[in-house]
Ligand code: FES
């Protein structure tokens, strides 16, 4: 869907207007885009760059730098495992390997059926309850291999 006047994708237009002219607007805008549609469509980069008076390479560079930003739609279920220092010290690597094996995709990957995205993050703000993860937006702390297995089994039973 395109707006008639400037070729800006329809859902992007109000987000551009909200951020245009603001100093340091790129990161907040990218967050707003991902919040709105679940990822940052590569086709939107030219409009974002033009609105913020940046080059396309600058916008692409920021999107690629932060693993948080997706360039493709996420799976129906998002499994986000923390790989921050506190979680690593309490077994996060083994949990990541366990999730990769159970879902059959590497960290950062999506299952071919589009049901799961397995993502890493560098802190979920639950360091006191590490290791931690987030499943479909809900955070879970003090994970053990058994608890992670139960979480993933529950998610796999959902549509
Ligand atoms: S390092 Fe994992 S929650 Fe902070």
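So here's what we get for this one:
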| quantity | calculated |
| --- | --- |
| The range 99-127 - residue that is part of a helix (DSSP H, G or I) and either free of Cβ contacts under 8 Å to residues at least 40 places away in the same chain or away from the ligand (no atom under 16 Å from the Cβ) (or both) and, of those, surrounded by the most Cβ atoms within 10 Å (Cβ to Cβ) | 103 |
| Matching entry among 81, 88 (being outside any helix (DSSP H, G or I), without any contact (Cβ under 8 Å) to a residue 60 or more places away in the chain and either exposed (fewer than 13 other Cβ atoms within 10 Å of the Cβ) or within 16 Å of the ligand (Cβ to nearest atom) (or both)) | 81 |
| Residue in the range 64-75 that is outside the structural domain of residue 29 (by TED's automatic domain parsing), part of a strand (DSSP E or B) and away from the ligand (no atom under 16 Å from the Cβ) present | no |
| Test: residue 113 is out of contact with any strand residue (DSSP E or B) (no Cβ under 8 Å at 6 or more places or on another chain) and modelled with pLDDT under 95 | yes |
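The values are calculated or read from the model by the stated rules, or taken from the named source; none is laboratory data. Note that the structure is predicted; figures quoted are calculated from it, not measured. All Cβ positions, glycine included, derive from the backbone under ideal geometry; neighbour counts span all protein chains shown.
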